[in-house]
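What follows is a short report on a single structure.
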Amino acid sequence: MIKLIKLFAMLLGSVTFAQTSLVTGTIDPVQEDGLYRIQMPQEMRSYATSDLRDIRIWADKGKQVPYFIQPTTDYINTRVSDFKEFSIVSSTRIADSSATYIFKNPYDTLEKAVFLIANYQGNKSYKLEGSNNQKQWFGIVNSGQLNQLSHSTETSVYKSIHFPLCRYQYLKVVFDDRKSLPINLLKIGMATTESVAVVPIIKEQIPVKSIEFLEKDKRTQIHIRFNRPQLIDQIRMQITSPELYSRNASFYTIKEREVKRSMESYRQNVASFSIRSDKDLVFNVPRSIEKEVYLEIDNKDNPKLQIKKLQFLQEAVYLVASLKSLETYKVTAGNDTLTFPDYDIFDVTNTTKSILPIAKISSVVYEQEAETTKESSSIWQQPWFMWCCIGIASLMILYVAFNLLKDLNKNKIDS
């Protein structure tokens, strides 16, 4: 009986493992030892979890290589002009806990603030609240992040934060100091800012499975499908005619929800923007992970736009790791049972050093191809085989349970 239970456990484990999709990429050999930025290709990222917790780097003999993900904001510096300082009403600090700054909003509405911060190695988390009486506070930003907090030639750095438009008279920024040293916030104000990329920020094109156009009620509806759920950061268009145009567009997805015990579809708007002949046809959209998306263009009484090219792009992700020359490294992703790794490298590495050599991932291999054709599938990869295994396992459980009941009844009669 014990042997049967063990056999069932092994069978169930093998079925579960077979359903786990993994993708593996090989890092091209590097010439020198040191830190590298490893660009994760789009075809690997589409198999990874949305929060990238399942990424692992492996050296020879299956040894894990510590790494951290460097956000795109680390590659951007902020230039400031016409700085106008706000009045800081109060500042308090609780050791090893938090630092709080309350400043007055001199405008009717506000959606941006600029911090002047003394050079600091590392990142800093914050939250932002608003109030009209400094007694009752309301949330504005629940979890913000400041990155690249040092300047190469100056002793301080300007960092701008953007938040939903508000009209609170007072704003309170609270920095989280529980796991990092406090920053020295010198000034808060408003300024004209310009973002400058320290290194080129690469955007990779997402392969599209199909695009369908539908003209209805003076609107152009475009239905886009991808092979897998994809993270979308930007949309680019190329329009050939008419020569002059100005149209409103909506970028949305179709979701489902339960209403009165039945499922109904509804439209969830992701972004709205204006398509104009006198503007660049490049549109940054809030990050969303979707397999199917829709773009609707309101033509009013105008002729429809002749769209020659429609592209969807995502910002490249970089892993920072210490690599040795002439060693072989592999990167894996796609196992959603993994949790975030806890490595020391982020805490002891100078993350402000953005200009690092790039190591590329090549030879991407899929352990379990999506939508594998029946002709190329082995017998144990067929759905009917899996269900047969589950059926056999169920019969084994019933057999074991029947014998247990039979033994119990026999013991009762003997006693």
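Give the residues of the stretch 19-34 that are of a type in the set (A, V, I, L, M, F, W, C) and crowded, with 17+ Cβ neighbours inside 10 Å, sorted by residue number.
Val23, Ile27, Val30
Consider Ile392 carefully, then state whether it is modelled with pLDDT under 85 and in a helix (DSSP H, G or I).
Yes: the conditions hold for Ile392.
Mind listing whichever residues of the stretch 86-111 are open to solvent by less than 30 Å² (accessible area, probe 1.4 Å), over 14 Å from Leu181 (Cα atoms) and of a type outside the set (S, T, N, Q)?
Correct list: Phe86, Tyr101, Ile102, Phe103, Leu110.
Of the residues that make up the stretch 147-154, is at least one touching a helix residue (DSSP H, G or I) at 6+ places or on another chain (Cβ under 8 Å) and touching a residue at least 24 places away in the same chain (Cβ under 8 Å)?
Step one: list which residues in the stretch 147-154 are touching a helix residue (DSSP H, G or I) at 6+ places or on another chain (Cβ under 8 Å), which gives 147-148.
After this cut, where a residue has to be touching a residue at least 24 places away in the same chain (Cβ under 8 Å) as well, the list is 147-148.
Among the residues of the stretch 147-154, at least one is touching a helix residue (DSSP H, G or I) at 6+ places or on another chain (Cβ under 8 Å) and touching a residue at least 24 places away in the same chain (Cβ under 8 Å), which makes the answer yes.
Does Tyr158 satisfy the criteria of being farther than 14 Å from Ile188 by Cα, of a type in the set (Phe, Trp, Tyr), in contact with a strand residue (DSSP E or B) (Cβ under 9 Å, 6 or more places away or on another chain) and at pLDDT below 95?
Answer is no for this residue.
Within the stretch 314-341, count every residue that is of a type in the set (S, T, N, Q) and part of a loop (DSSP other than H, G, I, E, B).
So the count comes out to 5.
Being open to solvent by 30 Å² or more (accessible area, probe 1.4 Å) and touching a residue at least 12 places away in the same chain (Cβ under 8 Å) is the requirement here; does Leu244 meet it?
yes
The values are calculated or read from the model by the stated rules, or taken from the named source; none is laboratory data. Being a predicted model, the structure only gives us computed values, none of them experimental. All Cβ positions, glycine included, derive from the backbone under ideal geometry; neighbour counts span all protein chains shown. SASA here: full protein model, heavy atoms, side chains in, ligands and nucleic acids out. Shrake-Rupley method; radii C 1.70, N 1.55, O 1.52, S 1.80 Å.
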